[in-house]
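Asks: Pasting in a structure now, in structure tokens, and then I'll have a few things to ask.
The values are calculated or read from the model by the stated rules, or taken from the named source; none is laboratory data. Being a predicted model, the structure only gives us computed values, none of them experimental. Here the Cβ positions follow ideal geometry from the backbone for every residue, glycine too, while neighbour counts run over all protein chains shown.
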Amino acid sequence: MKKILILLFVILLFSFGATAQSTNSYVSFAADSTLDAETVYLVLDSPDPITRNHAVTLTLVPVNNTGTATVLATPQGSLDGTVYFDLQTAADTVNNAGTIAVKTYTYADAYWRYYRQKLVSSGTGVTDFTGELGMKRKY
């Protein structure tokens, strides 16, 4: 009986420590697409708050599906998961009339607890997006 209680305690202990975003891991963004002129947000499937002792890397992978859309990307951060702020002053072009560019953004200190990608499309066409958020414990 004592062994069973110890085993249950260990299982319970590990279950409380598990999160969707763990140390030195990558979490995929939910895939999304832009269609003609619109703004979409590439977000995590299950956003867990990130602590400040992590370095964060955001990778954005566009695929030109059809047409000649131009898509601008801006990484954004939030402290509460509701109000987001642009993490740079100018947006990056990730699709220029069919010419795509994979973008990677690196932040040495995870000041923000939540991250997403703002995607603004103009012109006509469909661009598909995937990507990931990587975290590495600093100490």
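Asks: Within the stretch 40-52, is there a residue that is at pLDDT 90 or above and either surrounded by 14 or more Cβ atoms within 10 Å (Cβ to Cβ) or farther than 12 Å from LEU133 by Cβ (or both)?
Replies: yes
Asks: Out of the residues in the stretch 70-84 that are of a type in the set (Val, Ile, Thr) and in a strand (DSSP E or B), state the one that is farthest from GLU132 (Cα to Cα).
Replies: THR70
Asks: So THR89 clears everything in (1) over 15 Å from THR34 (Cβ atoms); (2) modelled with pLDDT of 95 or more except one condition, right? Which one?
Replies: Condition (2) is where THR89 drops out.
Asks: State yes or no: is THR74 more than 18 Å from VAL43 (Cα to Cα), surrounded by 16 or more Cβ atoms within 10 Å (Cβ to Cβ) and among the β-branched types (Val, Ile, Thr)?
Replies: Criteria not met by THR74.
Asks: In this structure, does THR93 turn out to be hydroxyl-bearing (Ser, Thr, Tyr) and surrounded by fewer than 20 Cβ atoms within 10 Å (Cβ to Cβ)?
Replies: Spelling it out, THR93 is indeed hydroxyl-bearing (Ser, Thr, Tyr) and surrounded by fewer than 20 Cβ atoms within 10 Å (Cβ to Cβ).
Asks: Are any of the residues in the stretch 106-114 closer than 20 Å to ALA31 by Cβ and of a type in the set (A, V, I, L, M)?
Replies: Looking for residues that are closer than 20 Å to ALA31 by Cβ and of a type in the set (A, V, I, L, M), one finds none in the stretch 106-114, hence no.
Asks: Suppose we filter the stretch 85-118 for residues that are in contact (Cβ under 8 Å) with a residue 24 or more places away in the chain and assigned to a loop (DSSP other than H, G, I, E, B); how many remain?
Replies: Final tally of qualifying residues: 12.
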